[in-house]
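S.K.: Got a structure for you, questions after.
Throughout, read-outs are computed from the coordinates displayed, never taken from laboratory work. Since the model is a prediction, treat every value here as computed from it, not as a measurement. Note that each Cβ is placed from the backbone with ideal geometry, even for glycine, and that neighbours are counted across all protein chains shown.
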Amino acid sequence: MIRTSAAVQLGSLKRKLLTGALAVTAFAASSACISILGVDDLPAMRTDASTSDAATSDATDFACGGNADCFERYGENWICRPSSQRCVNLVSTECPRVIGNSRDNNAVIFGSILPLMPPYVRAGQSMVHGIELGILDFELAGRLPPVPGKFGLRPIVVVSCMEDWMDQSVSLRAARHLVDDVGVPAIIGPGSSPNLSKVATDVAIPRGVLLVSPYSTSRSLTQLPDDGLVWRTAPSAAVMTNGLVALMPLVEQESKSHSADTAINVAVVSAVGSYEQGLANALIPRLTFNGAPASDHTNSKHYTRINHEYGSRDISATIAGLLSFKPHVAFVLAMPGEVQRIITEVEKGWPSSLAYRPLYLLADENEKATISSGLAGLSRDSQKRILGTKVGGAGDTFAAFVSAYLARIHDGTLPDDSFAANAYDALYNLAYSTVALGAEPLTGRGLARGFAKQISGSMIPAGPGNISAALERLLAGETFDYDGASGPLDFDVATGEAPANVPLWCVGSGDGSTVDVRTSSVHYSAKLGKLTGSLAEIRATCNP
């Protein structure tokens, strides 16, 4: 994403502008308060989004003085839009839910557009839960302080909208409702990269609305001419390859210890036209082994790239290519079903005359439950040779988020196999940017400038117990370094993107019908720029 300016010109915010707000936060500054509350304690209204034509027509004529006027006249989820002094319905067919207290005149209202329709409903639900937990944290901490010179603490409200990965018109209708009807300054989402690009180009950028995606990973978005209005708490595919690149020297050393060869063979398998192809394109230029880059002429006999059609049922050519090349290390970057079949068939056909067998390195898409049954039939030796990377946080801040999520969410979704932490961080970033704006109007471009106030200074982790410290700094015109649940989020303000931690996983023995995919404590650290442990430590997670 191309930026025109990274400068942040915020007026001096004085500590006295809290006007008692920090005193209010004191009662909830401890995370111990969380245990008595749950996500259901938030005012979270669901509706069928039906609105009579008569009510809609009447709302265009009725002049409102506050949200209470609209609530009393039209019911739940109606607010008074300040710019027009007319009542608007927060919900629509594509946006059926409101999270937070929308009746409060001081409410700061954002939107979200996330995959709440097949095939990624589970991931979308996890991300919405991340947003819910973020809103709850700020409720516990006493809400956002008043606008300087005014009174009234500000609750955060998010209008939750659905995204259809197969139909971009759904996201566009949701975006137009949020922007044109509700008037939100920022949207968390969309999730898919094509939907994000379309909504940004057709709706958000022309209207000056900020998009913060917790899910889009396409490398192409980095070059989107977005006027500084598209940011991501999700890592790009290029960032996700950091874990694989860092693993290469370790697996090379191990492979050579199991073979009499002085050089190893490396294959990269990827599906054409897929997310995994983007990973492969980001990985290969950085891949070094046998003392040279993969593309170097000295590796001409030791490196191959095998492409196959995305979602193809016929993978015979891919299998034949791998068995012919005989790799020591195979990067298998494909959908879980394809990965299962590829590994299983290669293991079946591997020449018994060879003293080694491949070590398989997989991408984040395969750290899912769907991989379990497909690999259950492999021998334990085969399972031990499968390693992978995943999307997700690592360290104490992420652990605290996971603990809070599991304590409050009980619908079967999980915080560590989705982008829930990235959505949680997006809510925090927008909340802090709102305060950083001071008395300035709440606009997309203003909120984007506020992100630069969260990348330098003393580190302040996410979590309700740390919100007061962050608010004090922002109200004093100072900066801080936000340590998110998903990672450090040290944004490059020129691109709106941030490096990310990349956890690593291995395969343990299962119950006979599944395998046990376990996340290791070893991860690629965005702060350190390297792995935090050894290959032996990764394996110890699955083979204690």
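S.K.: Just to verify a number: FRET efficiency for Glu537 and Ala476, C-beta to C-beta distance, R0 = 30 Å, to 0.05?
M.R.: That pair, Glu537 with Ala476, gives E of 0.10.
S.K.: Something else now. Work out how much length Ser458 to Leu354 would gain on full extension: take 0.36 nm times their residue separation and subtract the Cα-Cα distance, in nm to one decimal.
M.R.: 32.0 nm is the gain from fully extending Ser458 to Leu354.
S.K.: If you don't mind, another one. Quick one: the Cα spread of the range 416-544 along its three principal axes, in angstroms, biggest first?
M.R.: Taking the Cα atoms of the range 416-544, the three principal extents are 61, 30, 29 Å.
S.K.: What ratio of Cα Rg to 2.2 N^0.38 Å holds for the range 345-495?
M.R.: 1.45
S.K.: A further question follows. Give me the dipole magnitude in Debye, nearest 20, for the chain about the Cα centre, with unit charges on the beta carbon: positive for Lys and Arg, negative for Asp and Glu.
M.R.: So the dipole magnitude of the chain works out to roughly 1020 debye.
S.K.: Sorted from fewest to most neighbouring beta carbons within 10 Å, what does the list Met127, Met335, Met240 look like?
M.R.: Lowest to highest Cβ neighbour count: Met335, Met240, Met127.
S.K.: Tell me, what HN-Hα J-couplings in whole Hz come from the Karplus equation 6.51 cos²θ - 1.76 cosθ + 1.60 at θ = phi - 60° for each residue of the range 85-94, using x for Gly and Pro?
M.R.: 6, 10, 6, 10, 8, 5, 9, 8, 4, 7
S.K.: Determine the relative contact order of the chain: mean sequence separation of Cα pairs under 8 Å and six or more apart, normalised by residue count, in whole percent.
M.R.: Rounded, it is 18 percent for the chain.
S.K.: Output wanted: per-residue J couplings in Hz (rounded whole) for the range 280-288, from phi through Karplus 6.51 cos²θ - 1.76 cosθ + 1.60, θ = phi - 60°, x for Gly and Pro.
M.R.: For the range 280-288, the Karplus-derived couplings read 4, 5, 7, 6, 4, x, 9, 7, 10 Hz, x marking Gly and Pro.
S.K.: Still on this structure, please answer the following. Rounded to the nearest 0.05, what FRET efficiency do Val121 and Asp181 have when you use their Cβ-Cβ distance and R0 = 25 Å?
M.R.: 0.50
S.K.: Considering every pair of different Cα atoms, what Kirkwood radius, in Å, is found for the chain?
M.R.: 24.5
S.K.: Kindly provide the helix-only [θ] at 222 nm of the chain, computed as the sum of -39,500 (n - 2.57) over DSSP H runs of four or more divided by all residues, to the nearest 500 deg cm²/dmol?
M.R.: -10000 deg cm²/dmol
S.K.: Before anything else, pin down the relative contact order of the range 162-222: Cα pairs under 8 Å, at least 6 apart, normalised by residue count, whole percent.
M.R.: 35
S.K.: Rank these for me by crowding, Ser379, Ser456, Ser418, Ser218, going from fewest to most other beta carbons within 10 Å.
M.R.: Ser379, Ser456, Ser218, Ser418
S.K.: Could you list Met166, Met248 so that the one with the fewest beta carbons within 10 Å of its beta carbon is first and the one with the most is last?
M.R.: Fewest to most other Cβ atoms nearby, the residues stand as Met166, Met248.
S.K.: Lysine pairs in the chain with Cα distance under 16 Å, only those 8 or more apart or on different chains: how many are there?
M.R.: 9
S.K.: Would you tally the net charge around Leu359, using a Cβ to Cβ cut-off of less than 10 Å, leaving Leu359 out, and scoring K and R as +1, D and E as -1?
M.R.: So the surrounding residues net to +1.
S.K.: Assuming 0.36 nm per residue, please report the length gained on full extension of the stretch Ser509 to Asp167 beyond their Cα-Cα distance.
M.R.: Extra length available between Ser509 and Asp167 comes to 119.1 nm.
S.K.: Apply 1/(1 + (r/R0)^6) to the Cβ-Cβ distance of Ala439 and Gln253, taking R0 = 41 Å, and write down the FRET efficiency to the nearest 0.05.
M.R.: E(calc), rounded to 0.05, equals 0.10.
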